[in-house]
Amino acid sequence: MTKRRPAERGDRAEVPGLPAERSGGHASTGSRQQPSSSADGGSRWTLIAAISLVTLLVLLDDTAVSVALPTMQRELGFGYEAQEWVVISYTLALAVFTLLAGHLADRIGASRIFLVGLAVFIAGSLLTGLTTSVSLLIAFRTVQGTGAALVAPAALALIAGAFSDRRRGTALGIWAGISGSALGIGPIVGAYV
């Protein structure tokens, strides 16, 4: 009879009936892929910096627009109801599509969903900046919110997949701190825009 060593932190218990690993990158609970041993620490910290910057910009957009609304209202000539929808359309799309985006990140892969979300957000931002119609502004803000919804859960999955259990908390804390600073920086940026 062979002696088994006691379980150490980070060991995964195999659950009968469930696969040990899922394809498609990072999975949410129980079947996280371990970080590649070939990835050096520097590239992982570069990854956290890039993901944090993108998430900062996505969240910054939401708060900056609130301060810039009076200027947009004067330039585009829309009323209070439209002003509400300029803000709500982004937030509503973000709230509605975040869970779906997390599911897609588990199924298709976090990096793909992150890049698609970034592309959708950039396209929505470009179209929002070029529009002269309030109805198109609201539609393009919805596109921006959809892109933001794709970015957020994929960013978490990428960070969780890139760092071991020991460093994951630090990485997530750095990401959350940088991303959360958008709530304070956004109104300042909106005042200058």
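Using a probe of 1.4 angstrom and keeping all protein chains present, the accessible surface of region 78-124 works out to 55 square angstrom per residue.
Packing around the peptides 70-79, 150-159, 106-115, 131-140, taken as the average count of other Cβ atoms within 10 Å per residue, puts them in this order, highest first: 150-159, 106-115, 131-140, 70-79. With all protein chains in place and a 1.4 Å probe, the accessible surface of region 75-193 carries 71 percent carbon and sulfur.
The values are calculated or read from the model by the stated rules, or taken from the named source; none is laboratory data. What you see is a predicted model; the values in this text were computed from it and never measured. Glycine gets a Cβ as well: all are built from the backbone with ideal geometry, and neighbour counts include every protein chain shown. Ligands, DNA and RNA are excluded from the accessible area calculation, which covers all protein heavy atoms including side chains. Shrake-Rupley method; radii C 1.70, N 1.55, O 1.52, S 1.80 Å.
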